[in-house]
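> Mind having a look at this structure? Questions to follow.
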Amino acid sequence: MKVITLREGKERSLLRRHPWVFQGSVAKGGGDPGETVRVQSHDGKFLAWAAFSPSSQIRVRAWSFDEAERIDAAFFAGRVRAAVALRRRLGIDSNGVRLIHGEADGLPGLIVDQYDDVLSAQFLSAGTERWKDAIADALVAETGCPYLYERSDSGVRGLEGLPPVTGWLRHPDGPHRATAVTIHENGWKLTLDVAEGHKTGYYLDQRDNRGLFARLVRQLDCRSVLNCYSYTGGFSVAALAGGASEVISVDSSAPALARANAHVTLNGYEASAHVALDADVNGTLRRFIQEGKRFDAIVLDPPKFAPSAAHADRASRAYKDINRLAFKLLNPGGLLLTFSCSGGIGAELFHKIVAGAAMDAAIDGYLLQRLEATADHPTTLTFPEGEYLKGLAIVRKA
Ligand code: SAH
């Protein structure tokens, strides 16, 4: 068994059950990529069993803080079982569910979403790469889903020294299943393709917020809706479900917009009620202001502007900019749902940024609700970094 010894004082975060050890905290020891190592304090006390990542700044990711535990196939089966059991207890009314949410489920670097009978997984760390077979077997056994597609094509794999990998990882014999899937969410039908969609195929973390948006659009009688960074139009379908008559989806991905158009008719709405704009959001907001357009409801759900705290300054300006523009386009009494999925921007800071943007646009608003990711993307008490998605539902003062 290989041993990693930490520098004096650097045991504190593992003692608080935070699962990461950075390169600078390691005094000595090493291992092969993903190899299980024993992590100990400078004076030899056991701290954790962990996966070693020789090329990552996060050198060690803890599997277990229990010295008696063995890291083997049964260990992964147990972790997968517990994660799946939690999702069942949550009673999620959709067949699109996040089953494994990395660190929160005790499986650092592993993301697994279930879309109907297909599992879509990202193995993002050296440890999960090494245990891929055992994890894949456990996923199929614990869920009963026969199909498992791998989407390990995220850029973060590069930091681990891992190449991108995609394709079927588990597939029963017989004709090949298509990678296209239809899920239901909030009573709507949504399609995705696990081979071609963003991340694992869809953004399940916004499920509840899309449901809330539909309810608020109806409640506040919003007719014209602008859905910025729409991807495949989940919030646009929500707007139509809420009674909106004129919905614009803006995204820079043409395939995503084609799907957004298809989702409108698939759910029984008039194609003419929806316009898909293949364009940059910032430029589009500016153009709409110049044209004097106004909306009853706007959604801003941009990609991660700040992957880490180091990017927070530039990202803050970018968030403030789009929020200021959106406020200017909002009718009095109108609704803004605004989000940040940047780990580097905390909820407090995001609130400040949005408040500053409203101030610059010379308007005030009621904060209806603070928003977060759905419960199948849990955070834990020991891993605050897991809290990435934050949002605000705001009604402009008349
Ligand atoms: N709201 C969506 C998820 C949005 S993900 C949902 O509920 O499913 C962020 C989206 O922003 C992606 O679809 C990406 O293509 C798009 N995007 C990124 N940069 C953009 C830009 N500058 N202008 C327009 N769209 C952009």
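> Name the residues in the range 28-43 that are over 24 Å from K132 (Cα atoms) and exposed (fewer than 14 other Cβ atoms within 10 Å of the Cβ), would you?
Within the range 28-43, K28, D43 meet the criteria.
> Any chance the range 342-354 includes a residue that's at pLDDT 95 or above, within 14 Å of the ligand (Cβ to nearest atom), of a type outside the set (S, T, Y) and buried (at least 19 other Cβ atoms within 10 Å of the Cβ)?
no
> Let me ask another. Cβ-Cβ below 7 Å, separation at least six or inter-chain, first residue in the range 18-47 and over 24 Å from D105 (Cβ atoms), second among the hydroxyl-bearing types (S, T, Y): which pairs?
As it stands, the answer is A27/T5; K28/T5; G29/T5; Q40/T5; H42/T5, since those pairs meet every condition given.
> For the structure I just gave you, tell me whether V112 is touching a helix residue (DSSP H, G or I) at 6+ places or on another chain (Cβ under 8 Å), buried (at least 23 other Cβ atoms within 10 Å of the Cβ) and closer than 20 Å to K304 by Cα.
Details: touching a helix residue (DSSP H, G or I) at 6+ places or on another chain (Cβ under 8 Å): yes; buried (at least 23 other Cβ atoms within 10 Å of the Cβ): yes; closer than 20 Å to K304 by Cα: yes.
Here the answer is yes, as V112 does meet what is asked.
> Just to be sure before I move on: is V112 of a type in the set (V, I, T), under 28 Å from A51 (Cα atoms) and out of contact with any strand residue (DSSP E or B) (no Cβ under 7 Å at 6 or more places or on another chain) in the structure I sent? Even if it seems obvious, please write down each step before you answer.
Details: of a type in the set (V, I, T): yes; under 28 Å from A51 (Cα atoms): yes; out of contact with any strand residue (DSSP E or B) (no Cβ under 7 Å at 6 or more places or on another chain): no.
For V112, the condition - of a type in the set (V, I, T), under 28 Å from A51 (Cα atoms) and out of contact with any strand residue (DSSP E or B) (no Cβ under 7 Å at 6 or more places or on another chain) - is not met.
> Hey, could you check the range 193-217 for residues that are within 14 Å of the ligand (Cβ to nearest atom) and among the aliphatic types (A, V, I, L, M) and say which is nearest to the chain's Cα centre (by Cα)?
Among those residues, the one meeting the criterion is L204.
> Can you list the strands (runs of 3 or more DSSP E) found entirely within the range 283-398 that contain at least 3 residues being small (G, A, S)?
Values: elements: 295-300, 330-340, 365-372, 390-396.
The qualifying strands (runs of 3 or more DSSP E) are 330-340.
> Here is a follow-up. Checking L220 against (1) more than 13 Å from the ligand (Cβ to nearest atom); (2) touching a helix residue (DSSP H, G or I) at 6+ places or on another chain (Cβ under 9 Å); (3) not aromatic (F, W, Y), only one condition comes out false. Which one?
Among (1) more than 13 Å from the ligand (Cβ to nearest atom); (2) touching a helix residue (DSSP H, G or I) at 6+ places or on another chain (Cβ under 9 Å); (3) not aromatic (F, W, Y), the lone unmet condition for L220 is (2).
> Of the residues that sit in the range 268-277 and are on the phi < 0 side of the Ramachandran plot and exposed (fewer than 14 other Cβ atoms within 10 Å of the Cβ), which one is nearest to the ligand (Cβ to nearest atom)?
First, pick out the residues of the range 268-277 that are on the phi < 0 side of the Ramachandran plot: 269-277.
Pick out the ones that are also exposed (fewer than 14 other Cβ atoms within 10 Å of the Cβ) and you get 270-272.
Numbers: E270: 21, A271: 20, S272: 22 Å.
Of everything passing the filter in the range 268-277, A271 is nearest to the ligand (Cβ to nearest atom).
> To continue, here is another question. For the range 249-267, give me the residue count where each residue is more than 12 Å from the ligand (Cβ to nearest atom) and in contact with a Phe, Trp or Tyr (Cβ under 8 Å, 6 or more places away or on another chain).
Adding up the residues that qualify gives 1.
> Scan the range 282-297 and report the pairs whose first residue is closer than 15 Å to I248 by Cα and touching a residue at least 40 places away in the same chain (Cβ under 8 Å) and whose second residue is among the hydroxyl-bearing types (S, T, Y) and more than 14 Å from the ligand (Cβ to nearest atom), with Cβ atoms within less than 9 Å and a gap of 6+ or a chain change.
R294/S224; F295/S224; D296/S224; A297/S224
> Restricting to the range 223-278, and then to whatever is in a strand (DSSP E or B) and among the acidic types (D, E), can you tell me which residue is farthest from N209 (Cα to Cα)?
Our first condition is that a residue be in a strand (DSSP E or B); within the range 223-278, this holds for 224-228, 246-251, 274-278.
Narrowing the set further to residues that are among the acidic types (D, E) leaves 246, 251, 278.
Values: E246: 20, D251: 19, D278: 24 Å.
Only one residue tops the list, namely D278.
> Let me ask something else. For A62, indicate whether it is in contact (Cβ under 8 Å) with a residue 40 or more places away in the chain, under 25 Å from A134 (Cα atoms) and part of a strand (DSSP E or B). Walk me through it before giving the result.
Values: in contact (Cβ under 8 Å) with a residue 40 or more places away in the chain: yes; under 25 Å from A134 (Cα atoms): yes; part of a strand (DSSP E or B): yes.
Taking the combined requirement at face value, the residue satisfies it.
The values are calculated or read from the model by the stated rules, or taken from the named source; none is laboratory data. Not measured: the values here are computed from a predicted model. Cβ: placed from backbone, ideal geometry, glycine included. Neighbour counts: every protein chain shown.
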